[in-house]
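Asks: Submitted below is the structure of interest, expressed as structure tokens.
None of the figures in this text is laboratory data; all of them are computed from the coordinates on show. Since the structure is predicted, the reported quantities are computational estimates derived from the model, not experimental observations. Because the Cβ atoms are built from the backbone with ideal geometry, glycine has one as well, and the counts that use them run over all protein chains shown.
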Amino acid sequence: MTGTDSGSGPTEVRTEAARRRTFAVISHPDAGKSTLTEALALHANVIGEAGAVHGKAGRRGVVSDWMEMERARGISITSAALQFSYRDRVVNLLDTPGHADFSEDTYRVLAAVDSAVMLVDAAKGLEPQTRKLAEVCRLRGVPTITLINKWDRPGREPLDLIDELTSELGLHPMPLNWPVGVAGDFRGLLDRSTGAFVKLTRTPGGASVAEQRTLDGAAAAADAGDAWSVATDEHDLLTASGMDFDAAAYRAGTASPVLFGAAVINFGVRQLLDTLIDLAPAPAPRPDAAGTARAVTEPFSGFVFKIQAGMDAHHRDRVAFVRVCSGRFERGMVVVNSATGRPFATKYAQTMFGRERTTVDTAYPGDVVGLVNATALGVGDTLYADHKVTFPAMPLFAPEHFAVARATDSSRSKQFRRGIDQLAQEGAVQVLRSDLRGDQAPVLAAVGPMQFDVAAHRMAHEFSSPVTLDHLPYTVVRGIERSSEGFVTSAHGAEVLERSDGARLALFTDRFRMNAIRQKHPQLELHPLPGDHPDATRPPGR
Ligand code: G4P
């Protein structure tokens, strides 16, 4: 990882933290996240040619239990963070699993970043997965920059697309640049702060960084003709509509700077990187569970936002990915797990992105460290050195998929129970139980169905207790008061279960069922479990 070994005082930590920009890309599958990642890395000179970082095809070299699953489905469960330098800054791009591997991990990454980039397909506008993730960002106040991608091919009107940010997400759009030419006839970008025209230049296949050609207004009018005058008219309209940049509103997460581009030809990507460096927040003091902020210059602290088991098929290892919040991390240091008070030696520390694995020797606030052999750590755990701190528990998200797990071999009930408890403690799946179902048939609950595949695989291979999973027809979940439970347990198409963190959850086959029970029993008290629930608690047994 980037860092100097000269001195390790607060000044060094403050300087290094201020250089960091830690963000994630939120998008719907196929909006161009992999393409954008490659294009960003190309600008940052991490690699010589696009395609080497995160291409879906040709991912090699990771010896992992998940390798086959990843290859077969074109997904990236083992990926965590890509670090690169750009200008004088260090950028950490945290991977947000998408596609079939969309899961609680995808949400949890948003607890570990300081800002987000929302990638929108110019032809499709906001899509369901983007909306869900944007909602989590809104609830957490994560500042978000929007990139409208694929302007090189036919798509929607730009004004129509930015209107959608307000109408669908309640996010005030602040375009920093504006496309010259309709989608599919991309001529370049009007830089709204300077009024200059950044002319589209192409390199074959976007495989290297193109020269940037900038023209003034008169030259732009001569070059792009009507397309330029349409863009300048729309720019004036945006100004008249109060859509100029407002830094405070961006930082508060209520307004989003908007950029246009085409990742596949690597155009508009430099503008995105510059915007991230210039506007996105650096790591800030992080509030602990009691609300007291821990300065970045305090001794080392961080929290686990993702656990990845079975990274190495030959060793049953687990890697805990930690976001550093304060201080300087040095590989080999002994830190304390605040949940248990036990020390944890950090002999093996890595980072991984795509097929790359690198040893981490030093890390600063904003960086991600993968701690190998993290058998005692769970998602949400805080690690610290010297001064004790406990960061707020990782929220548990509203599950959308439910299945009953049963051991295929009933003589292995001990292994079965141990495995299920372990998965719940790690946060790999949520585990729900009721007296009615008994301990031999807990209900697994997940945000994405892929979590079930991972759970079943690990039960068989790691805990030697293969399971069958019977999917349940529930689609709606709510928190429920104990006093209301009788109304639900006596109804068809509904059930009450206890999650391993103690929360009582009511499950319904669909909204109609829930509303019918509500109508019959107006006293029924239910409360929603939004994507990011503020009173969520840590995983069980902690
Ligand atoms: P994802 O990670 O968000 O799922 O998206 P990915 O980058 O894989 O991109 C999905 C498809 O969209 C790819 O095409 C990719 O080339 C294309 N794409 C991404 N950015 C742009 C863009 O700016 N303009 C255009 N025209 N296309 C873009 P594919 O046909 O699915 O794959 P490939 O064979 O091109 O790799």
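Asks: Excluding same-chain residues fewer than 8 positions from K414, which aspartates and glutamates have a Cα within less than 14 Å of its Cα?
Replies: D439, E462
Asks: Whole-Hz Karplus ³J(HN,Hα) for the stretch 185-194, in order, using 6.51 cos²θ - 1.76 cosθ + 1.60 and θ = phi - 60°, x for Gly and Pro?
Replies: With the stated coefficients, the stretch 185-194 comes to 10, 6, 9, x, 10, 8, 7, 6, 7, 10 Hz.
Asks: Step through the residues of the stretch 435-440 one at a time and calculate ³J(HN,Hα) from phi using the Karplus curve (6.51 cos²θ - 1.76 cosθ + 1.60, θ = phi - 60°), rounding each to whole Hz and writing x for Gly and Pro.
Replies: Result, ordered by residue: 4, 4, 7, x, 6, 7 Hz.
Asks: How do M450, M333 rank when sorted from fewest to most other Cβ atoms within 10 Å of their own Cβ?
Replies: Ascending number of Cβ neighbours within 10 Å: M333, M450.
Asks: Further, regarding this structure: What is the packing order of peptides 508-517, 339-348, taking the mean over residues of other C-beta atoms within 10 Å and listing the highest first? Present the calculation step by step, with values, prior to reporting the outcome.
Replies: Values: 508-517: 16.5, 339-348: 14.3.
Sorting 508-517, 339-348 by mean packing, highest first, produces 508-517, 339-348.
Asks: Please list the non-local residues whose amide H lies under 5 Å from the amide H of R20, H modeled 1.01 Å from N, same-chain partners needing a gap of 5 or more.
Replies: V90
Asks: OK, next. Assuming a ≥ b ≥ c are the square roots of the Cα gyration tensor eigenvalues, decide whether the stretch 401-443 counts as rounded (a/c under 1.5), prolate (otherwise, with a/b larger than b/c) or oblate.
Replies: oblate
Asks: Take A460 and D191, extend 7 Å from each Cα along the Cα→Cβ direction, and tell me the distance between the two endpoints in nm.
Replies: Modelled inter-label distance: 5.6 nm.
Asks: Another question, then. Just the C-alpha atoms of the stretch 401-527: what Rg/Rh do they give, with Rh taken as the Kirkwood radius?
Replies: Reported Rg/Rh, Kirkwood definition of Rh: 1.01.
Asks: Moving to a separate point now. Using mean Cβ contacts within 10 Å as the protection proxy, how do 150-163, 282-295 order, highest first? Walk me through the intermediate numbers first.
Replies: On the way: 150-163: 18.9, 282-295: 15.3.
Those peptides, ordered most packed to least, come out 150-163, 282-295.
Asks: Taking θ as phi - 60°, what are the ³J(HN,Hα) couplings along the stretch 502-508 by the Karplus curve (6.51, -1.76, 1.60), each to the nearest whole Hz, with x for Gly and Pro?
Replies: Whole-Hz 3J(HN,Hα) from phi for the stretch 502-508: x, 5, 9, 10, 9, 10, 10.
Asks: Okay, moving on. Where q = 0.05, 0.10, 0.12 Å⁻¹, what log10 of I(q)/I(0) comes from the Debye formula for the chain, counting one point per Cα?
Replies: Per q value, in the given order, log10 I(q)/I(0) is -0.22, -0.85, -1.17.
Asks: For the chain, what relative contact order do you get, as a whole percent, if you take Cα pairs closer than 8 Å and at least 6 residues apart?
Replies: Here the relative contact order equals 15 percent.
Asks: Now for a different question. Contour minus end-to-end for D409 and E135, with contour as 0.36 nm per residue of separation and end-to-end as the Cα-Cα distance?
Replies: Once the chain is fully extended between D409 and E135, it gains 94.4 nm.
Asks: Pull up all non-local amide H partners of V467: gap of 5 or more, or a different chain, and H-to-H distance under 5 Å with H placed in the peptide plane.
Replies: T408, A460
Asks: How far, in nm, would the chain grow between E485 and H527 when pulled straight, counting 0.36 nm per residue and subtracting the alpha carbon separation?
Replies: 13.9 nm
Asks: Amide H neighbours of A339 under 5 Å, counting only residues 5+ apart in sequence or on other chains, H built in-plane at 1.01 Å?
Replies: Those lying under 5 Å, H to H, from A339 are T382.
Asks: Name the GluC sites (Glu not before Pro) in the stretch 128-217 that are in a loop by DSSP and that have at most 14 other C-beta atoms within 10 Å, would you?
Replies: Of the GluC sites (Glu not before Pro), the ones in loops of the stretch 128-217 whose Cβ has at most 14 other Cβ atoms within 10 Å are E211.
Asks: Still on this structure, please answer the following. Figure the gain on full extension for K388 and D435 (residue separation times 0.36 nm, minus the Cα-Cα span) and round it to one decimal in nm.
Replies: Contour length minus the Cα-Cα distance gives 13.0 nm.
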